[in-house]
Amino acid sequence: PNRVLFKVTETGIQIDRNAYKFRDFDSFWLAYEPPEVKYLYLQFKRGLRSSYAIPLFDENPLRVRSILQKYIREDLEREAEDLTDRLGRKFKI
């Protein structure tokens, strides 16, 4: 996956050049099965994109989780990567 700029600010989240308010997100979850799977998923409330997968690379997922829990509801029922991401990784597409 490509590296993207991901930053949590006082007012929201910046993903590359796009800035989103915390209120734009419904929830988040982490898919963590090292060494292959290490993603943060952000679920949007509405819009064309339902969720956004962010590869965490060398970031500590527990640190990311503790920061986001202050602003966005964590979906504890989801802990696996999306089917499309799983298939993409498996078939290298």
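Taking all protein chains as they are arranged and a probe of 1.4 Å, the heavy atoms of residue 58 leave approximately 140 Å² accessible to solvent.
Keeping all protein chains in place, calculate the accessible area per residue for the stretch 29-80 (probe 1.4 angstrom), answer in Å².
Values: 3580 Å² over 52 residues.
Heavy-atom SASA per residue in the stretch 29-80 reads 69 Å².
Once both labels are positioned 7 Å from their Cα atoms along Cα-to-Cβ, the gap between residue 4 and residue 73 label points is 2.3 nm.
The values are calculated or read from the model by the stated rules, or taken from the named source; none is laboratory data. Because the structure is predicted, anything quoted here is derived from the model rather than measured. Because the Cβ atoms are built from the backbone with ideal geometry, glycine has one as well, and the counts that use them run over all protein chains shown. The accessibility values were calculated without ligands, DNA or RNA, using every heavy atom of the protein model including side chains. Shrake-Rupley method; radii C 1.70, N 1.55, O 1.52, S 1.80 Å.
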